[in-house]
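Contents: one structure, followed by commentary.
The values are calculated or read from the model by the stated rules, or taken from the named source; none is laboratory data. Remember, it's a predicted structure, so these values are computed and weren't measured experimentally. Cβ placement follows ideal geometry from the backbone for every residue including glycine, while neighbour counts extend to all protein chains displayed.
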Amino acid sequence: MSNTLQTQLLIIGGGPGGYIAGIRAGQLGVKTIVVEGVNPGGTCLNIGCIPSKALIHAAEEFAKVTAYAAGTSPLGISVQAPSLDLAKTVAWKAGIVKKLTGGVSALLKKNGAQLIKGWATIVDGKTVEIAGAAEDGGTLRITCEHLLLATGSVPVELPFLPFGGKVISSTEALSPTSLPKQLIVVGGGYIGLELGTVYRKLGCEVTVVEAQERILPAYDAELTKPVATHLEKSGVKLLTGHSVLGLADNGQLRVRDKDGNEIALDADQILVAVGRRPKTDGFNLESLQLDLAGKAIKIDDQCKTSMRNVWAIGDVAGEPMLAHRAMAQGELVAEIVSGKKRHFVPAAIPAVCFTDPEIVVVGLSPDEARHRASRPRSRCSRSRPMAVRCRWNPPMASCASSRAAATTASSAGRPWACRSRNCRSPSCSRLRWAPRWKISPARSIRTRRWVRRCRKRRCVRWGMRCISEVVCRSEPR
Ligand SMILES: Cc1cc2nc3c(=O)[nH]c(=O)nc-3n(C[C@H](O)[C@H](O)[C@H](O)COP(=O)(O)OP(=O)(O)OC[C@H]3O[C@@H](n4cnc5c(N)ncnc54)[C@H](O)[C@@H]3O)c2cc1C
């Protein structure tokens, strides 16, 4: 080993989550190193939010002038048909990106955080290696007190439509060398529609293929209607309820329509934008054996993973995959590491879709609110502490939680479990059995189910489910 460094906080990934954590930690006097494999700024600054919005702006300007040239301006403005120097447009976009990523490096330096370029590989929860980053070109080993995972996400690849050739991801779509005559966008989410709109405004024939019944399935249905109308009016073909099957030998895209018939679509380029997945592979993360929530790293409301002093923020910690959420979490972890008390409990996270017209959402959609209102709810011990009481000591001389419960618990004598962690009652047999309450939506009556709870003192699992999950999903009443 040619070189070794020691730090308090080591951040893998210099995206919005990682660089904000680095800057904040530096401000708070925490010795910090940020390791970034490509460029500081991550997906957002390099191949996401910023370049896409730059191209959206350029495309809008081009479309405006094209409309003037067509003589349709109500203002009476007319010009000659415009032309586009694509290389210059892309260079302008790259200039903006360079300026912003340079700003991130400068801010990290100014606040005392060290930025190291290279791909980090995890050795253990406190050690990371970076090949080629040592002064002599060898492997640099960094040991840390706290490890923050901010490795972001990567585009989802369809197994039957792998990236390569005419099949591209958003990354390639943001740096075109030439414009396709016919572009098919697979996926009617916000990334596909934002980029599809750009290409349409620049003069391409665009078809959007979406498996669900409407575009922007993650957004409120009412809000997406004007977007669909405007897209169709501008000449974008929307094929909702169509699923992609793969590429035919002649290069056409095979698609199954709503009635189950197979059709073939011509395409010079196919942009696959069916979502992004957390980047959890390629840097030996599996060696830490962290708990996962689906494909993302499981975290609590302080961004702690299942391993002590290992934290995760941003896209790698799951939905919603948004830059400002990653930033908020980055700041939070930096502050916790510096000794402050913080929790990530957002009331609502806003999201903007830069289509035409733009959509801004915040909080629950009407569908989500309806779904939550009708779903079976578990009792929340935090919001209704009286739902718990001791099992074996009804007089409850020393157990405060059971005393509180005694006033309202309707089924005295049943084997309730005390949920108080600090219960000192000698006869309290907490953690043996506990009731799980449910409201049946169909019949609107309370039904009770008994679930065996793990007997380990600190374990919070109830059979197959975890009490924290039950509590978190519960709604205060
Ligand atoms: C086309 C597009 C448009 C978008 N538009 C918006 C928008 O308008 N608004 C919005 O809020 N969000 C938008 N997003 C999403 C936003 O970009 C992400 O939510 C955000 O970048 C997540 O930040 P992050 O820090 O978690 O990860 P990232 O930004 O992905 O950063 C992770 C960084 O970690 C680095 N890394 C990974 N593994 C290693 C390793 N082993 N060693 C060293 N470095 C490593 C990567 O190189 C990367 O730079 C968009 C995304 C895309 C693709």
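Among the numbered conditions (1) part of a helix (DSSP H, G or I); (2) closer than 23 Å to Leu288 by Cβ; (3) within 12 Å of the ligand (Cβ to nearest atom), the only one that His324 does not meet is (2).
If I filter the range 126-134 for residues that are of a type outside the set (Phe, Trp, Tyr), within 15 Å of the ligand (Cβ to nearest atom) and surrounded by fewer than 15 Cβ atoms within 10 Å (Cβ to Cβ), do I get at least one hit?
Our first condition is that a residue be of a type outside the set (Phe, Trp, Tyr); within the range 126-134, this holds for 126-134.
Checking which are within 15 Å of the ligand (Cβ to nearest atom) leaves us with 127-133.
Imposing the further condition that a residue be surrounded by fewer than 15 Cβ atoms within 10 Å (Cβ to Cβ) reduces the set to 131-132.
Yes: one or more hits.
Considering every residue within the range 185-198, establish whether at least one is surrounded by fewer than 19 Cβ atoms within 10 Å (Cβ to Cβ) and not hydroxyl-bearing (Ser, Thr, Tyr). No, there is no match, as no residue in the range 185-198 is surrounded by fewer than 19 Cβ atoms within 10 Å (Cβ to Cβ) and not hydroxyl-bearing (Ser, Thr, Tyr). Of all the criteria given as (1) assigned to a loop (DSSP other than H, G, I, E, B); (2) under 15 Å from the mean Cα position of the chain (by Cα), the one not satisfied by Lys258 is (2).
Which of the strands (runs of 3 or more DSSP E) contained wholly in the range 1-117 include at least 2 residues that are surrounded by fewer than 22 Cβ atoms within 10 Å (Cβ to Cβ) and more than 9 Å from the ligand (Cβ to nearest atom)?
Working: elements: 3-12, 32-36, 114-117.
Here the list reads 3-12, 114-117.
Report every pair of residues separated by at least 6 positions or lying on different chains whose Cβ atoms are under 9 Å apart, first residue within the range 37-50 and not assigned by TED's automatic domain parsing to the domain that holds Lys117, second more than 7 Å from the ligand (Cβ to nearest atom) and in a helix (DSSP H, G or I). Taking only residues 6 or more apart or on different chains, not a single pair turns up.
Please count how many residues of the range 336-361 are over 30 Å from Gln8 (Cβ atoms) and not in a loop (DSSP other than H, G, I, E, B).
Taking the range 336-361 and keeping what is over 30 Å from Gln8 (Cβ atoms), we get 347-348, 350-361.
From what is left, the residues that are not in a loop (DSSP other than H, G, I, E, B) are 351-353, 359-361.
Summing the residues that are over 30 Å from Gln8 (Cβ atoms) and not in a loop (DSSP other than H, G, I, E, B) in the range 336-361 gives 6.
Across the range 323-340, not a single residue is classified as within 30 Å of Gly165 (Cβ to Cβ) and either in the same structural domain as Thr207 (by TED's automatic domain parsing) or in contact with a Leu (Cβ under 6 Å, 6 or more places away or on another chain) (or both).
If the condition is being away from the ligand (no atom under 12 Å from the Cβ) and either without any contact (Cβ under 8 Å) to a residue 40 or more places away in the chain or buried (at least 19 other Cβ atoms within 10 Å of the Cβ) (or both), then the range 169-179 contributes only Pro176. If the condition is being within 17 Å of Ser243 (Cβ to Cβ), surrounded by fewer than 18 Cβ atoms within 10 Å (Cβ to Cβ) and in contact with a strand residue (DSSP E or B) (Cβ under 6 Å, 6 or more places away or on another chain), then the range 199-218 contributes Ala211, Glu213, Arg214.
Checking each residue in the range 265-320 for being loosely packed, with under 15 Cβ neighbours inside 10 Å, within 12 Å of the ligand (Cβ to nearest atom) and polar (S, T, N, Q) picks out only Asn284. Among the residues making up the range 142-159, a single one is within 11 Å of the ligand (Cβ to nearest atom), among the hydroxyl-bearing types (Ser, Thr, Tyr) and not in a loop (DSSP other than H, G, I, E, B): Ser153.
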